[in-house]
Amino acid sequence: MIQPKPIPWQSDAWTRALAEAITDPRELLERLELDDVDVDFAPDFPLRVPVSFVERMRMRDPNDPLLRQVLPLSAERNVAPGYSADPLGEASATLAPGVIQKYRGRVLLIAAPACAVHCRYCFRRTFPYADHQQAVAFPSLASVERDAGISEVILSGGDPLMLKDVPLRRLVTRLDAIPHLRRIRIHTRLPVVIPQRVTAELIQLLRDTRTTASIVLHVNHPNEVAGPFVDALAELHRAGITLLNQSVLLAGVNDHVDVLDELSQRLFDNHVLPYYLHLADPVIGTHHFDVPESIGASLIAALRARLPGYLVPRLVREVAGGDAKQIVALT
Ligand code: SF4
């Protein structure tokens, strides 16, 4: 018998998966048959990880690269000089509640104040979302309408795909009506951790926008590119959506040339172009993920010796107040 085509998924599949995400470190450790890990059981930035992502982790391995990205460790409480709550100076780049302009010609819209997964290294882990709730209520969009020099809106968050399809369509329709906007870019990790977020409605609204839509995913390790996420990527590709990826260089996760090599190849096998490899931002609680710039540069040099240029991401650092991301010079 021919099985029904599983995707795109119905909208209740992802909201159910979101509601079932693991939020108790004990439950996560139990599921992975782990004990004796130096976990922070009451972190300020709580654990949140969907089951689909956990299913891609190795059992009984406290150093699993996917687990390291989500498990709160006691090391997060270490104080390190030069680490702050807002290392990218986003507070001073705010045009209106929910609208941040760091670079010429494009703005970030804080479209949703939450994420499906809590990445331990996140530079917005202490972001004051309560001050930015106006963005999808539209008054803030006046700042975009007024400036004809803005040609691109980046939907960010949190994770913008935490918006359900109906309000997301309303927002995109509103953006479509701003004549000088040419592109809408969606920065999201949601399809990675809950692939069912790629619903028929989402695909249709990306097809319907009069702007050019692209999705910038956030994948750090090749083991993430597996299971239903691969099906979701195929569906987005079939819909003609440009797919890019940005990763963060993280100690103990992807700071090895073999891992970065396989990540680039696996992404491209699934229609995603590796775009940026970010040096981690110095945000409080993330010092244990730091990889020195010189190591990052030598990793990229080693990748260049192995892969064609289009599979080598640009190694970048973001500096508060800079007029663009800084490309790190290779050694
Ligand atoms: S999905 Fe992105 S914004 Fe959300 S916690 Fe992870 S890195 Fe931060």
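Values as computed for the structure displayed
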{"quantity": "DSSP beta bridge pairing in the chain, given as percent antiparallel to the nearest 5", "calculated": "20 percent"}
{"quantity": "Calculated [θ] (222 nm, deg cm²/dmol) that DSSP helices of n ≥ 4 give over the chain, each run adding -39,500 (n - 2.57)", "calculated": "-7500 deg cm²/dmol"}
{"quantity": "Positive dipole terminus of the chain, leading residue within 148, 246, 175 (C-beta point charges)", "calculated": "148"}
{"quantity": "HN-Hα J in Hz across the range 40-51 - Karplus 6.51, -1.76, 1.60, θ = phi - 60°, x for Gly and Pro", "calculated": "8, 7, 9, x, 5, 9, x, 5, 7, 8, x, 4"}
{"quantity": "Gain in span if fully extended, residue 295 to residue 42, counting 0.36 nm per residue against the direct Cα distance", "calculated": "87.8 nm"}
{"quantity": "Segment residue 329-residue 208, extension gain: residue separation times 0.36 nm, minus the distance between their alpha carbons", "calculated": "39.5 nm"}
{"quantity": "Residues 193, 172, sorted so that the one with the fewest Cβ neighbours within 10 Å comes first", "calculated": "172, 193"}
{"quantity": "Beta bridges by DSSP in the range 185-331, antiparallel share as percent, to the nearest 5", "calculated": "10 percent"}
{"quantity": "Kyte-Doolittle mean at least 0.5, axial Cα span of 20 Å or more - DSSP H helices of the chain", "calculated": "none"}
{"quantity": "Highest to lowest packing among 176-187, 156-167, scored as the average C-beta count within 10 Å", "calculated": "156-167, 176-187"}
{"quantity": "Translational diffusion of the chain, µm² s⁻¹ [Kirkwood Rh, Cα pairs; Stokes-Einstein; 25 °C; 0.890 mPa s]", "calculated": "120 µm²/s"}
{"quantity": "Fully extended contour minus Cα-Cα distance, from residue 12 to residue 30, at 0.36 nm per residue", "calculated": "3.7 nm"}
{"quantity": "Test item: Cα-centred dipole of the range 202-301, Lys/Arg +1 and Asp/Glu -1 on Cβ, debye", "calculated": "460 debye"}
{"quantity": "Footprinting exposure proxy for 147, 269, 290 (fewest neighbouring C-beta atoms within 10 Å first)", "calculated": "269, 147, 290"}
{"quantity": "Contact order normalised by residue count of the chain, Cα under 8 Å, 6+ apart, percent", "calculated": "18 percent"}
{"quantity": "Environment charge at residue 66 (Cβ cut-off 9 Å; Lys +1, Arg +1, Asp -1, Glu -1)", "calculated": "+1"}
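No value in this document is a laboratory result; all are computed from the given coordinates. Here the structure is a predicted model, which is why all the values come from computation and not from measurement. All Cβ positions, glycine included, derive from the backbone under ideal geometry; neighbour counts span all protein chains shown.
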